[in-house]
Amino acid sequence: MVRCTLKRAIKALSFCLIFVIICTYYSSQSVPNKNFLQRKSLSIFILSSTRSKTIQRISLFFNELRLNYVEYRRIDEHFYENVKTLLPRLIILDYHPDENLRSVINQYEIKLLILLNAQCTDCTKVSYSEMLFENVSYPTMDFNRDVLKPVIHTTKSPFRLVQHNKIIQILRFDTVLPYFHHQQFERKTKCFVFRTTDNHRTDTIVYVHSRTSSEKLKLLFEYHEKQLYLSECLFDYWFIWPVMMDIVRYLTSNEYDYHGLKRYVQVDIDDIFLGDKSNGYLISDDIQALIRSQLFIQNYIENFRYRLGFSGYYYSNSTNEHANEANRLLMNEKDRFTWFHHTWKHEKLTNVTNKILLISSTETNMAFAQKHQLPLDENYAVAPHHSGIYPINHIVYDVWHRFFNFTVTSTENYPYHYQLPSDRRGFIYRNISVLPRRSCGLYTTTRNYTTYPNGSHRLERILMGGRLFRTILTNPISIFMSHNVNYGHDRMGNYVFAKLVYLISKWTNIQWSRDLSSSELARKYFHHFYPEEQMPIFTNPCSDRILMNLWNGNDSLCTTFPQFIIVGPQKTGTTALHAMLSQHPDLRPSRAISTTFEEVQFFSNNTIYLNGINWYLNQFDPDEQSMNFEKSATYFDSAVSIKRLKALLPNIRLIMMLTEPGHRAYSRYQHEIARTNRTITFDELLKMKHKENSEDFRLKQRCLQPGHYAEHVRNWLKYFSSKQIYIIDGEAFRQDPRPILDDLQHSFLQLKNSRKSSQLVRFNRKKGFFCPISSKHRFRCLGNSKGRSYQPMSSQSREYLTNYYLSHNRILIKLLRDYNYSLPSCAEGRMGYPNERYEPTTIAAMDQDDKRLPLITGLYDDGFLIAGRDRIVGAIFSFPRQIVCWNVFSPEQITPESLALLEVIQPRPEIFVLGFGARTNKVLPETIKYLRSLKIGFEILPTTQACETYNFLLSDNRLAYAGFFPQNDLVDQSYGLRKALARSQLYEKDEEYIKTDMLKDTYEIMIKAHRERKLLRPYSPLEQRQSSQQEENDTHVQSVIGTRPTEKRPSIKQDNDDRTDKQK
């Protein structure tokens, strides 16, 4: 009995376990993002149709917090696509979401913050006068008293907070939010709030009571889980910023923790002893007040000390006895402060070129410190005006580190002086850490409280909720810059820092860390908080007047920077392009380098990059009459190169050359094998796995990864506009570079003295390709390592690379179309096989500038010959001036869907001719029914008769379209041509593309030609070809040449008009 009971129990337990597993599986399948969705980004989406002032303030605050956010003006398919791919943590709206948006938010568990404003239909409008008791201003500390004591009076705050809420953590309060305000609102000004009587299930966080009733008005509350409503009127009060930090932290489940609540502060006082020079010396009472303010701050920051930057030459050299007496008092109280080197005579270090003089000056100042036994921060030094620190003078860094062991300095000039303090960053250069210095709102001319620029109330706002307050709030480490004159007169420096520390301590839960040395701060900054800032990113001093003066003040150097750069990728023909452009008298390339030859590689090589801006400029000739340029193919697939280029040369013009990626990968392999004498074959290399030989796998990555053209081009387009990027079809350039060189000179570089391409290049019969020619018409072909031949690629490698690059090419096509680039042949999915029979077509659309009609002059088993010269593989759609590929591979695929182009094309054709291949093929009945429904004339014939009919109609100037299928099906081609054509999406049913791109101008001309019967003449297939010599010299017309995005496609109207004029 016991045994049977035990067996039954085991069976029942097993059944329950299986049932739980099944339920868990199906529940996980039905909810796609529950615990399974891996978020790719920590970004925040901001949705605002008007980009209100509140949204702008939120964006600026997010910049201060270094949060990643994306702004959208409307909800469309692009927005929903980004939501699904990026999976943002939080969406901020300034209006109520509709049902579609709410369903997406709920599906992907995205948190929501909705701003209550005039667009809120369910909100209650309340005047500020009804909500507030009165407006109060910030009373000041009486810093002239013997005891520095803060005095802050406020009225009773109307803002109340629900106790024990789980959102507010940074503010320190009980039940009432403190507020300080100086803005007088008009009586008509309204605040949009929610009443407590609404039917929503809410959790109130911040509310006020109406003065006219006891009604509770909610300003911040939670609707459902992790969906908050926030009234915009709270953005008029200082506490909104810590509240916003708490909201973002709460809605992102503590992922944005802002480096915790601990803060590190350092206050530097520059120009000590420079009273006479700055016309703002300190007196003895000022020194005593400085000590008292330091003691006051020490109540909140353990062991806090002001840091004094001294220039020993001016000690006791003042003509004012009060200043000398104050200096002696300061020296007697020296142990209360920490001191740092600020140069001997307060000299600028911008143009220091003599190391010996700099060493002597620094030694003198350090000897002064040793003589007076100053308690130094031995690793910290600051240059006057931050000169020599940024822009970088490498001599200063070399002397400071090698001879005096300075490891830390600071500057307010990086990356730009004019940027907001929140945008300042740090970097490490030659083992010296450069920390960002913050402004404190005080300048050398700020000496009296009552004469503060634009009123003392602005200073109070900076302190309470303003820039200074938010600096502490948003940065874990803050180094403030001040000057000795700020601690005399009204002693503004004492007041600002004492009150700032007091306000932060009283009204927030920010925790002050004890005072640390500068080397400890630098270690925390670069290794704990911001490790990504260690490598500097050089910016252009020419765009910042302050940086220009600190650099050298010579504007002529600004014209030395290159005006365009060939960025690669490698093994695509960029060296040949560089050599050809170098022959132009108005184009001056960079100087050759012994290690990298014609390439500079400044932006992609860390070692070279750290040589600095001056080294980079030395690679070019300072000739204002010529246009400097450089070529470095390593830039193309280097993400850091893009950022560095954007920082230094934001308006630079870029040239890229794209060839078939599989052929490029094989060429790179051959180059590496020849250089390193490796024995691995290309087939073996492609089979390498990540866990196998790491060296060989890295070689595989170097061969394949640059061919991800769509990925790399998209990265460039994130930082540079499409007008700055010129993309060359490498296959067209290899066959004949002359039309591309002409287009580069005229449309892209816009050279004043352009040269004919025949004066720059000429075909070399011995080499078998085009070579640059010198001014004396001599060939200057590249070395034997360029253009060399090697064993053809195996069929296995061809198939591997075809499949590998198909998806990348498909994305590239869409990307180039989105940015209005012509499609290079490499984007059409082809592998560039040497066997012409198995090479897919290189034509996406026939060139419109060709005056000959696209008559079908030859038939192949798998394609057609157009106008006696262009071979096309596969089915085609033919128009009176263009040919496009037709994405069908058997007669059974000629369906109404495949003919959908006829529905949107304008103008409507007089007749449509359909060639269905061999006579044995049949056309589907539904296809015939569909053609009849279009109410246009049509003929359905075998392809041979269809071509003859179409040629006759074109010769008679009839407005006819045609679809031709080859004699044989394309399904059984062994190497995968069918997949290559299908996946490359050469023909897409894209209505906008059809209407605005391919047919924008062509058919307007065709209608005119059809009416006037004189602009276009029939093309005769018996027309004699030109002589071989003339053919060599004339420009060969390619279907796709290198272009930069201009208008969709050039109109042929002007060419036809010119031709008519000539006939007249």
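The values are calculated or read from the model by the stated rules, or taken from the named source; none is laboratory data. Everything numeric here is computed off the predicted structure, so don't read it as measured data. Backbone-built Cβ (ideal geometry, glycine too); neighbour counts: all protein chains shown. To get the accessible areas, we keep the full protein, side chains included, count just its heavy atoms, and leave off ligands, DNA and RNA. Shrake-Rupley method; radii C 1.70, N 1.55, O 1.52, S 1.80 Å.
Tell me the per residue accessible area of the stretch 838-972 using a 1.4 Å probe; a whole number in Å² is fine. Walk me through the numbers on the way to the answer.
Numbers: 5070 Å² over 135 residues.
With all protein chains present, the stretch 838-972 gives 38 Å² per residue.
The calculated Kirkwood hydrodynamic radius for the stretch 838-972 is 14.8 Å, given to one decimal from all distinct C-alpha pairs. Keeping the other protein chains in place, figure out the carbon and sulfur percent of the accessible area of the stretch 838-972, with a 1.4 Å probe. Ligands and nucleic acids excluded, carbon and sulfur give 49 percent. On the stretch 45-116, 45 percent of the accessible area sits on carbon and sulfur atoms, based on a 1.4 Å probe.
Divide the volume of the convex hull around the Cα atoms of the stretch 678-796 by the residue count and you get 170 Å³ per residue. Working note: Karplus 6.51/-1.76/1.60 with θ = phi - 60° gives the stretch 492-509 the couplings 5, x, 4, 5, 4, 6, 5, 6, 4, 5, 5, 5, 4, 6, 7, 10, 9, 9 Hz, where Gly and Pro are set to x.
Using only alpha carbons, the stretch 552-698 has a radius of gyration to Kirkwood radius ratio (Rg to Rh) of 1.03. Given in Å, the Rg to one decimal and the Dmax to the nearest whole number for the Cα atoms of the stretch 270-529 are 17.8, 53.
The accessible surface of the stretch 248-369, taken with every protein chain in place and a 1.4 Å probe, is 46 percent carbon and sulfur.
Between residue 73 and residue 259, the contour length at 0.36 nm per residue exceeds the alpha carbon distance by 63.8 nm.
Dimensions of the stretch 320-451 from C-alpha coordinates, computed as largest minus smallest value along each principal axis and given longest first, are 42, 40, 25 Å.
Amide H to amide H distances under 5 Å link residue 764 with 769, 770, 771, where only residues 5 or more positions off or on other chains count and H is placed in the peptide plane.
List the residues, sorted by chain then number, that are 5 or more residues from residue 688 or on another chain and whose placed amide H is less than 5 Å from its amide H. Residues meeting the amide H criterion: none. In a shell of Cβ-Cβ distance under 13 Å around residue 528, excluding residue 528 itself, what net charge do Lys and Arg (+1) and Asp and Glu (-1) give? Spelling it out: positives minus negatives among the neighbours equals 0.
Applying the Karplus relation 6.51 cos²θ - 1.76 cosθ + 1.60 with θ = phi - 60° to the stretch 342-358 yields 3J(HN,Hα) values of 9, 6, 5, 10, 6, 8, 6, 10, 5, 10, 5, 10, 9, 5, 5, 5, 5 Hz, where x marks Gly and Pro. With Rh defined as the Kirkwood radius, the inverse of the mean 1/r over Cα pairs, the Rg/Rh of the stretch 45-116 is 0.94.
Think of a 1.4 Å ball rolled over the protein heavy atoms: the stretch 259-376 then has 45 Å² of accessible area per residue. Taking a sphere under 15 Å around the Cβ of residue 54 and counting the other residues whose Cβ falls inside, with K and R at +1 and D and E at -1, yields a net charge of 0. Sorting 674-681, 928-935 by average packing, meaning the other beta carbons within 10 Å per residue, from highest down gives 928-935, 674-681.
Ordering of 345-354, 478-487 by packing is 478-487, 345-354, highest average first (other Cβ atoms within 10 Å, averaged per residue).
Excluding ligands, DNA and RNA, the accessible surface per residue across the stretch 45-116 is 44 Å² with a 1.4 Å probe. Amide H to amide H distances under 5 Å link residue 628 with 563, 588, where only residues 5 or more positions off or on other chains count and H is placed in the peptide plane. Computed packing ranks the peptides 959-967, 249-257 as 959-967, 249-257, most packed first, by mean other Cβ atoms within 10 Å. The fraction of Cα-Cα pairs per 5 angstrom bin, counted from 0 for the stretch 527-601, comes to 3, 11, 15, 16, 14, 16, 13, 8, 3, 1, 0 percent, rounded to whole percents.
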